[in-house]
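Encoded as structure tokens, the structure appears first; notes follow it.
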């Protein structure tokens, strides 16, 4: 009896961080999936991806007033604005579409720099407060602990979003085209689908995903001057860990990152700065050879 | 004949620039001299970026990682162990090389844009570690009050900006000279051959992964040494010195300079950093916006990019959709190697 009680006690303090990790991981997944699509299909390292998330976050901060209607409005506006930013980015990339990846990456970095500056000019340099719908402001009891209701709902919503994403990529014609463009872009071009249109569509989709993540995740990773960098870094680590292009791998990697950032920090506070680094090094070192083949063809 | 003339002209320009750099501290004021010293450190990092990006064919956005490792190692050694410049330089280079060696397994099997992604993640993770490992790095406040360096045992400490600048210039000139000599040896030839036609080099019995690891570690050591120069130049460091924007600026500078050219990297990196410092001086608040616009404009104005590294333009009409452009294998390099 005593052993059992001690056992639950040992797990007990880590339940809430673990749940937080799931919320964080799903948020990073939705944000990173945009980067995966962008990288896998258009073969562009989009350094402005964090900016697309920040657009969603600032929209949420500006529009949310505690009601459900404002959440729906913020979601619509945030998704549209970030998707429009993605299309704009695709337009800017068109002149260098046949160029090398270095200049494309540098161009997206320039856009990220300028866009971040515009966001700060528009919304001020302070981190704005985000108001969640008042119905979700309270907390619920889970196994004897209080837990923020918004995060619990967010976990459900993000899980639904992830499932929908999976179905779209697997089952719809657009998803098939996207997967085909990953495997053989020339063949898809031969089918009569313009590569420029695919690029614009992909960047718009990446923007929409990042914008949705930005609005819904604003209470978790809030808008601010460092948001774009944080989200870009987390997404990059997830994409690298997830093995580039595989949705299931991306989801697993995102959940692992979420747990490392919350549960890992609670378990090993002294090693906290190195955990993310160590995780990436470990996975890459183990899988390097297996991934190498895929990377060369990627 | 024409090549000979170009080489002479280039040598003349390089000598003129060097003379200009030596007399610069007596012409400009102290503040500009200290800015110049910091620019020299960053230009040296630019050389390490060019070594990886242009010569070895591994485009990198993460050379700030060994740069930061070198700078922090130098700062810790400088304030606790020794104020001798040579010691600090060696420690900083060793720290940079060690970090690069640790990250070799992550990058050596990847190519093209994937290396960009992985190195960017490494660089950013290092900045996060610097910000959180308070006991050693001082967190986001950084390390300040690092004592003045003396170049060698028995020499006086470098008390003013001019002396520090000349010390940085001497170190940069020595290291750049060493890199130029090294690139003329067989090692440099093998690296370039691997960049141009990896399969062929592998088939002829060369261990490409080994060469790339060596280049990565050497570039890490150079960036680490540059970190030590940064400490000498500004006498305090913080994680903000090693951010992602610094990597991107250096990469842009290296691309402007022609990617594979060491001299070009020095000039390009110095130019880009100077433009940034100037913009932040004249346009406080809007500098990132203008800088971002300049990035976009520069990319549009640089149609050749990496291809210039090979000394020839991409033939018109050859698409470059693959991550690993197979265009223009420089068979001359491979053939030369076989002799």
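The values are calculated or read from the model by the stated rules, or taken from the named source; none is laboratory data. Note that the coordinates shown come from a computational prediction; the quantities given were computed from them, not determined experimentally. When we count neighbours, we look across all protein chains shown, and the Cβ atoms used for this are built from the backbone with ideal geometry, even at glycine.
Number of residues in the stretch B:1-42 that are modelled with pLDDT of 85 or more and not in a helix (DSSP H, G or I) equals 2.
For the stretch A:47-61, the set of residues classified as outside any loop (DSSP other than H, G, I, E, B) and buried (at least 24 other Cβ atoms within 10 Å of the Cβ) consists of A:49, A:50, A:51, A:52, A:53, A:54, A:55, A:56, A:57, A:58, A:59, A:60, listed by residue number.
Residues in the stretch B:151-171 that are touching a helix residue (DSSP H, G or I) at 6+ places or on another chain (Cβ under 7 Å) and in a loop (DSSP other than H, G, I, E, B): B:151, B:152, B:158. Screening A:112, A:159 for residues that are within 14 Å of another protein chain (Cβ to nearest Cβ) and either modelled with pLDDT of 85 or more or within 19 Å of residue A:217 (Cβ to Cβ) (or both) leaves exactly one candidate, A:112.
Just checking, does the stretch A:187-200 include any residue being loosely packed, with under 13 Cβ neighbours inside 10 Å and at pLDDT 90 or above? Scanning the stretch A:187-200, I find no residue that is loosely packed, with under 13 Cβ neighbours inside 10 Å and at pLDDT 90 or above, so the answer is no. Pairing residues of the stretch B:278-290 that are more than 10 Å from every other protein chain (Cβ to nearest Cβ) with residues that are surrounded by 11 or more Cβ atoms within 10 Å (Cβ to Cβ), at Cβ distances under 7 Å and at least 6 apart in sequence or on separate chains, gives B:279/B:287; B:279/B:290; B:279/B:291; B:280/B:287; B:283/B:290. Per the listing B:43, B:92, the residue uniquely buried (at least 24 other Cβ atoms within 10 Å of the Cβ) and closer than 16 Å to residue B:236 by Cβ is B:92. Per the listing B:253, B:243, the residue uniquely in contact with a helix residue (DSSP H, G or I) (Cβ under 8 Å, 6 or more places away or on another chain) and at pLDDT below 90 is B:243. Regarding residue B:211, is this residue within 21 Å of residue B:57 (Cα to Cα), assigned to a loop (DSSP other than H, G, I, E, B) and away from chain A (no Cβ under 14 Å)? For residue B:211, the condition - within 21 Å of residue B:57 (Cα to Cα), assigned to a loop (DSSP other than H, G, I, E, B) and away from chain A (no Cβ under 14 Å) - is not met.
Would you check if there is a residue in the stretch A:66-87 being within 30 Å of residue B:258 (Cβ to Cβ), touching a helix residue (DSSP H, G or I) at 6+ places or on another chain (Cβ under 6 Å) and within 14 Å of chain B (Cβ to nearest Cβ)? Scanning the stretch A:66-87 turns up no residue that is within 30 Å of residue B:258 (Cβ to Cβ), touching a helix residue (DSSP H, G or I) at 6+ places or on another chain (Cβ under 6 Å) and within 14 Å of chain B (Cβ to nearest Cβ). Take the residues in the stretch A:224-269 that are assigned to a loop (DSSP other than H, G, I, E, B) and surrounded by fewer than 24 Cβ atoms within 10 Å (Cβ to Cβ); name whichever of them is modelled with the lowest pLDDT. Taking the candidates together, the pick is A:245.
Note on the stretch A:94-109: among residues that are more than 7 Å from chain B (Cβ to nearest Cβ) and under 23 Å from the mean Cα position of the chain (by Cα), the one that is modelled with the highest pLDDT is A:108. Residues in the stretch B:107-126 that are under 19 Å from residue B:237 (Cα atoms) and either touching a strand residue (DSSP E or B) at 6+ places or on another chain (Cβ under 9 Å) or within 9 Å of chain A (Cβ to nearest Cβ) (or both): B:124, B:125, B:126. Within the group B:220, B:224, B:253, which residue is in contact (Cβ under 8 Å) with a residue 60 or more places away in the chain and within 14 Å of another protein chain (Cβ to nearest Cβ)? After ruling out the rest, the residue left standing is B:253.
Residue A:80 meets each of the listed conditions (1) crowded, with 24+ Cβ neighbours inside 10 Å; (2) modelled with pLDDT of 90 or more apart from (1). Checking A:91, A:67, A:21 one by one, the residue that is surrounded by fewer than 24 Cβ atoms within 10 Å (Cβ to Cβ) and modelled with pLDDT under 85 is A:67 and no other.
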